[in-house]
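Student: This is the structure I want to talk about, given as structure tokens.
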Amino acid sequence: MFCVSPSSQRATGNREAPVTEEVEAEQLQLRMMKSRADEEDFWNSTKCKPFTFDDDDDGFSKLKESKQAVNNIRPLVDGDEDEDDVEKVSWSGEPVGSISWSVGETAASSQRKDRDPAFHKTSSDPPTRSLSGYSLSSLFKGKAKGGNFQQFTDVLSDSSVRLYAPELRKPKSEYQDVVSDWMPEETVRRMQQGKVVSLEKFRSLQDKLSLLDIAVSAHDGNVITAVLIFLKRSLSKEVLFRELESRQTALRHLIHYLTETKDQRLLLELLRALGKTEDVALLQYKEHLGITDENKRRDFLKSCLSLPFSPEDSGHIQDHYTLLERQIIIEAADRQMERGGKVEIFQKFPRRASILNMPLITTLYYCCFYHYTETEGTYSSPLNIRQTFKISEKQYFVTALAARAKLKAWLDVDALFTSRTWLGFKRKKSPLSFQRVVDILQKNSAPIQVLQEYVALVEDSDLRISLAQKHKCHDIVITMYRDLKDRQLLLAYLQKVDQGSVDERKIKELLNNSQIRWKN
């Protein structure tokens, strides 16, 4: 029997005591380290964060986490990389678009009258593998419920995995307006109602023309234009032009449509095919509006002279070319004189705009203003312009009167009215009514002496008195009241004239004249 003495126990106990203390110290250190690690895991994993001064770092970490989630879900959204790996199937497990799926869909649609048409009938056969092990959060984080990390690309790359999602069908009403085989009458009616219809089912020429005729009979311009656009795209130009020749309403709509869309090339081809040469010429003539350079525009107008215009239009084109050619000459000469500073009228009345591309009457007014005294042989002479463009006497008279009255050239104004009789006597004659002459002179601030000379030429006495009172031509009013022997009117008019004026003295002399036999 093996016995141990107390002395040996004490000796042994004294030797093992240091070893036990070292073990306990190591265990305590491990517990402290584990506690610290658990504490760090708690603060890093929980939603409650300790207070730190690094707010920006916290937001930046959230941003990195969101970016990581987006990167994990991107392969699911991008169809280029994994499109071949993912196969859509219906609730029955059949691939969408296959023959068996189409047959099943046709059979199911006939039995779905009293049921919800939104979903397909599910099969009792379970799928080979379900994605129920993935929650919504794991879908975006790429983690399974169990916590094992798995990329979404790994899940999709697995050939045994399929995405089971219902294929939602559109209501039948959305297909009827487009794909139904409507007759032309019903198609036009739906177009008038603003519904979407497909015109591609009208394939034969007879069907297309029938659709056009019904659209024309409906008297709806929008429908007619829509059908014409369809025919323009689906028929050759030769066939379209030939058929429209006997349909004038549709032809006018097409011409208007091409004009609004500025399809000049097709419009010219259409007009040529219809034999409308004058319309073709006018359409080409309108192209000068887009030419800004005056020399190029003049050359273009010269080329238009050979186009097949009507006799009346041909004369207008000739006048347009001649006028622009003359304006270029006048503009160059006047610009040089204005820069030279030697012509007085250009110094007193500087030009406000160029004369290029101005109308004929504006050009005549310009020449009456700056070149009135020039001889008839010069291009800028008003008389030369009147003779070249066959301006009427009345139009020339009005333009010259306005220009000379603007310059306050009253002698020139008087010369316009002066004419001689066959006996050599002078008299004032006007192609305008003298009432119109007075209005023109008054607008140009003519003095009273000039106005009353032409007011006195108005034939109607009542109108003459009215104009004289309006423009304060007192001498005319006083003379007319004297001739009427109306003392009361003369006394009333005495209150309207200025005190101490010549007109006041003249009225008082007439009232005190005993030789006048007043009627009141």
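Student: Go through (1) hydrophobic (A, V, I, L, M, F, W, C); (2) more than 28 Å from Ser306 (Cα to Cα); (3) open to solvent by 60 Å² or more (accessible area, probe 1.4 Å) one by one and return the number of the condition Leu289 breaks.
Tutor: (2)
Student: Just checking, how many residues over segment 228-248 are more than 24 Å from Lys201 (Cα to Cα) and assigned to a helix (DSSP H, G or I)?
Tutor: 1
Student: Among Lys348, Lys342, Lys302, which is over 23 Å from Arg386 (Cβ atoms), in contact with a Phe, Trp or Tyr (Cβ under 7 Å, 6 or more places away or on another chain) and open to solvent by 60 Å² or more (accessible area, probe 1.4 Å)?
Tutor: Among Lys348, Lys342, Lys302, only Lys302 is over 23 Å from Arg386 (Cβ atoms), in contact with a Phe, Trp or Tyr (Cβ under 7 Å, 6 or more places away or on another chain) and open to solvent by 60 Å² or more (accessible area, probe 1.4 Å).
Student: If you check Ser210, Ser204, Ser160, which single one turns out to be exposed (fewer than 13 other Cβ atoms within 10 Å of the Cβ) and at pLDDT 90 or above?
Tutor: Ser204
Student: Exactly one condition in (1) among the hydroxyl-bearing types (Ser, Thr, Tyr); (2) open to solvent by 50 Å² or more (accessible area, probe 1.4 Å); (3) part of a helix (DSSP H, G or I) is not met by Thr225; state its number.
Tutor: (2)
Student: Run down Leu266, Leu324, Leu282, Leu364 and say which single residue is in contact with a Lys or Arg (Cβ under 9 Å, 6 or more places away or on another chain), assigned to a helix (DSSP H, G or I), under 30 Å from Val239 (Cα atoms) and not hydroxyl-bearing (Ser, Thr, Tyr).
Tutor: Leu266
Student: When segment 250-262 is examined, which residues are found to be within 15 Å of Ala215 (Cβ to Cβ), open to solvent by less than 50 Å² (accessible area, probe 1.4 Å) and not small (Gly, Ala, Ser)?
Tutor: Listed by number, the residues that qualify are Leu251, Leu254.
Student: Same structure again: Enumerate the pairs (first residue in segment 260-274 and closer than 19 Å to Glu245 by Cβ; second residue anywhere and open to solvent by 60 Å² or more (accessible area, probe 1.4 Å) and assigned to a loop (DSSP other than H, G, I, E, B)) with beta-carbon separation below 9 Å, excluding pairs fewer than 6 apart on the same chain, so at least 6 apart or on different chains.
Tutor: Pairs that qualify, where the first residue is closer than 19 Å to Glu245 by Cβ and the partner is open to solvent by 60 Å² or more (accessible area, probe 1.4 Å) and assigned to a loop (DSSP other than H, G, I, E, B), are Leu270/Lys276; Ala273/Glu245; Leu274/Glu245.
Student: Can you tell which of Ile329, Ile317 is of a type in the set (A, V, I, L, M) and surrounded by 14 or more Cβ atoms within 10 Å (Cβ to Cβ)? Please lay out each step first, then the result.
Tutor: Working: Ile329 fails: surrounded by 14 or more Cβ atoms within 10 Å (Cβ to Cβ).
When all the criteria are applied, what remains is Ile317.
Student: Now for a different question. Mind checking which helices (runs of 4 or more DSSP H) fall wholly inside segment 431-506 and carry at least 2 residues that are farther than 29 Å from Ala409 by Cβ? Talk me through it step by step, then tell me what you get.
Tutor: On the way: elements: 434-443, 448-455, 461-470, 474-484, 487-494.
Helices (runs of 4 or more DSSP H) meeting the threshold: 461-470, 474-484, 487-494.
Student: OK, next. So is Thr375 farther than 30 Å from Thr292 by Cα and either surrounded by fewer than 19 Cβ atoms within 10 Å (Cβ to Cβ) or in contact (Cβ under 8 Å) with a residue 12 or more places away in the chain (or both) or not?
Tutor: Values: farther than 30 Å from Thr292 by Cα: yes; either surrounded by fewer than 19 Cβ atoms within 10 Å (Cβ to Cβ) or in contact (Cβ under 8 Å) with a residue 12 or more places away in the chain (or both): yes.
Considered against the rule, which asks whether it is farther than 30 Å from Thr292 by Cα and either surrounded by fewer than 19 Cβ atoms within 10 Å (Cβ to Cβ) or in contact (Cβ under 8 Å) with a residue 12 or more places away in the chain (or both), Thr375 comes out as yes.
Student: All but one of (1) over 30 Å from Ala332 (Cα atoms); (2) without any contact (Cβ under 8 Å) to a residue 12 or more places away in the chain; (3) open to solvent by 40 Å² or more (accessible area, probe 1.4 Å) hold for Glu278, so report the exception by its number.
Tutor: (2)
Student: State which residue pairs qualify: first residue within 14 Å of Asn222 (Cα to Cα) and inside segment 192-204, second residue among the acidic types (Asp, Glu) and assigned to a loop (DSSP other than H, G, I, E, B) in any location, beta carbons under 7 Å apart, and separation of 6 or more residues or different chains.
Tutor: The qualifying pairs are Gln192/Asp220.
Student: If you check every pair at least six apart or on different chains, which have Cβ atoms under 9 Å apart with a residue in segment 333-358 that is under 30 Å from Tyr321 (Cβ atoms) and in a helix (DSSP H, G or I) first and a residue that is at pLDDT 90 or above and among the basic types (Lys, Arg) second?
Tutor: As it stands, the answer is Asp334/Arg351; Arg335/Arg351; Glu338/Arg351, since those pairs meet every condition given.
Student: Another one. Which residue pairs have Cβ atoms closer than 7 Å, lie 6 or more positions apart in sequence or on different chains, and pair a first residue in segment 379-395 that is in a helix (DSSP H, G or I) with a second residue that is of a type in the set (Lys, Arg) and open to solvent by 50 Å² or more (accessible area, probe 1.4 Å)?
Tutor: none
Student: Condition check: farther than 30 Å from Ile330 by Cβ and at pLDDT 90 or above. Does Tyr379 satisfy that?
Tutor: Numbers: farther than 30 Å from Ile330 by Cβ: no; at pLDDT 90 or above: yes.
For Tyr379, the condition - farther than 30 Å from Ile330 by Cβ and at pLDDT 90 or above - is not met.
Residues are listed down the side, and each one gets a yes or a no for (1) within 24 Å of Phe369 (Cβ to Cβ); (2) free of Cβ contacts under 8 Å to residues at least 24 places away in the same chain; (3) buried (at least 17 other Cβ atoms within 10 Å of the Cβ):
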residue	(1), (2), (3)
Leu416	yes, yes, yes
Gln449	yes, yes, no
Ile465	no, yes, yes
Tyr481	no, yes, yes
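Student: Something else: Cβ contacts < 9 Å: first residue modelled with pLDDT under 95, restricted to segment 433-447; second residue open to solvent by 50 Å² or more (accessible area, probe 1.4 Å) and among the small types (Gly, Ala, Ser), any location; separation 6+ or different chain. Result?
Tutor: Going by the 9 Å Cβ cut-off, the qualifying pairs are Phe434/Ala456.
Student: Of all residues being modelled with pLDDT under 50 and among the β-branched types (Val, Ile, Thr) in segment 169-198, which is nearest to Ile224 (Cα to Cα)? Just the residue, please.
Tutor: Val178
The values are calculated or read from the model by the stated rules, or taken from the named source; none is laboratory data. Note that the structure is a prediction, hence the values are computed from the model and not measured. Every residue, glycine among them, receives a Cβ derived from its backbone with ideal geometry; neighbour counts consider all protein chains shown. Accessible surface is based on the protein model in full, side chains and every heavy atom, while ligands, DNA and RNA are left aside. Shrake-Rupley method; radii C 1.70, N 1.55, O 1.52, S 1.80 Å.
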